[in-house]
Amino acid sequence: MLDVEGFILVGGASSRMGRDKSRLMLGGQTTVERIAESMAQVVTRVRLVGGPAGGRYDRNRFQSVPDLADSWGPLGGIQAALHAAEAEWCIAIACDLPFVSGDLWRRLFELKSNTTESFDAVVPIQADEYPQPLCAVYRRVPCRDAADRSIRNGEHSPRALLDKVKTRYVPFAEIADLTGASNFFFNINTPENYERAEQLCRYAERES
């Protein structure tokens, strides 16, 4: 077990979805439960970050961490996670990415370690070449300090944090061989996305 904590960002208005994305059901589990299960072999514990959604979960299973900066979006959630963390490393992931896997987390940590350089963040790049900072690995102290500086500067994007630390961007080609890689960054933002996610789950169940 690595010195890593997992944080699932459950804040946000879910305005395009029209209901709480963290409680959507897929394959008999909520999106939060699916993501937490993917991290089980890597992290020491999983907590939720942000808005009122976190408080509605059974606290015997998922503790909740409040945002420190109101209405600051994903960067605010990452900041809150990094301030709450005790481990050296944190995984921060949005609750609308239900198809991540334990293999993905292990690969990101392998790539962090298999180098002579020292990195403060490890961020995968999607197949469409967009970085995905809401499915990434952060070293607690330098990234916490960078998040604080970014918010003091009025910056809202997680990229502001990443620009202030040594970041290892992982091209999609370095994770593409993993089972399910094509859906790692499929996010559920709309009812149409949710319907597609349900179809993917049914297909996976038939194939298993």
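The values are calculated or read from the model by the stated rules, or taken from the named source; none is laboratory data. Since the model is a prediction, treat every value here as computed from it, not as a measurement. For neighbour counting, all protein chains shown are included, and Cβ atoms are generated from backbone atoms with ideal geometry for every residue, glycine included.
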Can you go through 170, 65 and tell me which one is over 13 Å from the mean Cα position of the chain (by Cα), at pLDDT below 95 and closer than 29 Å to residue 26 by Cβ?
65
How many residues of region 149-165 are surrounded by fewer than 17 Cβ atoms within 10 Å (Cβ to Cβ), among the charged types (D, E, K, R) and over 15 Å from the mean Cα position of the chain (by Cα)? The answer is 3
If you take the residues of region 83-100 that are part of a strand (DSSP E or B) and among the β-branched types (Val, Ile, Thr), which of them is nearest to residue 201 (Cα to Cα)?
93
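Here is a yes/no grid of residues against (1) without any contact (Cβ under 8 Å) to a residue 40 or more places away in the chain; (2) farther than 23 Å from residue 62 by Cβ:
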| site | (1), (2) |
| --- | --- |
| 92 | no, no |
| 109 | no, no |
| 116 | yes, yes |
| 125 | no, yes |
| 145 | yes, yes |
| 151 | no, yes |
| 154 | yes, yes |
| 177 | yes, yes |
| 184 | no, no |
Selection from region 108-118 of residues buried (at least 19 other Cβ atoms within 10 Å of the Cβ) and over 16 Å from residue 40 (Cβ atoms) yields 112
Residue set 138, 130; condition surrounded by fewer than 21 Cβ atoms within 10 Å (Cβ to Cβ), aromatic (Phe, Trp, Tyr) and modelled with pLDDT of 95 or more; output residue 130
Could you list, in sequence order, the residues of region 181-196 that are loosely packed, with under 15 Cβ neighbours inside 10 Å and more than 16 Å from residue 95 (Cα to Cα)?
182, 192, 195, 196
